[in-house]
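Undergrad: Encoded as structure tokens, here's the structure I'll be asking about.
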Amino acid sequence: MKTQRQIIRGLAAARKGTACAVALLLALQPGCGGMRTLTNIGKTEIDMATGTTIKALNEYLRQLALALYRHNPDELGRVPGATLQARMEQIIEYPLEIGYEETDYKQGTQAVELAFDPAWRGDRVFAMMLGISGMIRGAYNGKREIFMFDFLDAQKLYDSARNLEIWKEKLRRQPGPAPVKTGGGVFTMIDKMTALQDLTATVFENRGDRLINRTIHGAATVFVPIGL
């Protein structure tokens, strides 16, 4: 997987032209830029690059969830019978569209906010990662693959990148004792996810005819809602 510096360099190149960004996104995973397979019929290079990005983001989500459970081992035990494997499936692979009773059916950034609520007694790592995963999924309209006539909303992708930055700052500025403990690797992965979202947003801004509104965020501390 590419380093953060390479991703940022690709983001700068993307602002000059889509082709550079597509080349970077296609290079994110080994062997992703070769021959077209049956599953790639009806896809442009942008579509294949975006599919690769979704896979990379899901891997970062998995690594982040595991890292946060490692830093907060008591959280998993708040729900009897919960296992890491089951949590990974709930967060990334097979999330319920209606949400989960244990998180008061909150989804997206509302679930993230729940994890920061000092009065809440549930599994904070689960709520947090369920919310972040749902927000990312919403930015891609719930799709795991992108085809020729699929158009993503560049604004939603950009907003999700800003939400990741807000999440990172909320993690950094938790009042002690912090409800959710973190480590340096957590922030590095969030930075890489943010760069990927910014890069993909720029690609789809160049592909479409709608410019991203970059003026509404500034030093925002409130999440932007992102639905499917």
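Read-outs throughout are calculated quantities, based only on the coordinates presented, and are distinct from any laboratory measurement. This one's a predicted model, so the numbers in the text were calculated from it and none came from an experiment. Please note: Cβ atoms are built from the backbone with ideal geometry, for glycine as well, and neighbour counts cover all protein chains shown.
Undergrad: Fewest Cβ neighbours within 10 Å first, please rank Phe116, Phe187 accordingly.
TA: Phe187, Phe116
Undergrad: How far, in nm, would the chain grow between Arg144 and Glu59 when pulled straight, counting 0.36 nm per residue and subtracting the alpha carbon separation?
TA: Here the answer is 29.3 nm.
Undergrad: Per 0.36 nm of contour for each residue apart, how much would the distance between Val222 and Asp191 grow if the chain were fully extended, relative to their Cα-Cα spacing?
TA: In short, 9.3 nm is gained.
Undergrad: Using a basic spin-label model with each label point 7 Å from the Cα along Cα→Cβ, how many nm lie between Thr215 and Glu45?
TA: Taking the two extended label points, one gets 3.4 nm.
Undergrad: Hey, another quick one. Fewest Cβ neighbours within 10 Å first, please rank Arg173, Arg210, Arg124 accordingly.
TA: Arg173, Arg210, Arg124
Undergrad: Which one of Ala115, Leu96, Ile146 is farthest out on the positive end of the charge dipole of segment 75-214, using unit charges on Cβ (Lys, Arg +1; Asp, Glu -1) and the Cα centre as origin?
TA: Going by the charge dipole, the pick is Ala115.
Undergrad: If the convex hull of the alpha-carbon atoms of segment 55-128 is projected onto planes in all directions, what is the mean projected area in square nanometres?
TA: 4.8 nm²
Undergrad: Between Asp104 and Leu84, what's the calculated FRET efficiency when r is the beta-carbon distance and R0 is 22 Å? Round to 0.05.
TA: 0.45
Undergrad: In what sequence do Ile46, Ile132 fall when counting other Cβ within 10 Å, fewest first?
TA: Fewest to most other Cβ atoms nearby, the residues stand as Ile46, Ile132.
Undergrad: Right, something else. Can you give the FRET efficiency for His71 and Arg207, using 1/(1 + (r/R0)^6), R0 = 45 Å, r = Cβ-Cβ distance, to the nearest 0.05?
TA: That gives a FRET efficiency of 0.70.
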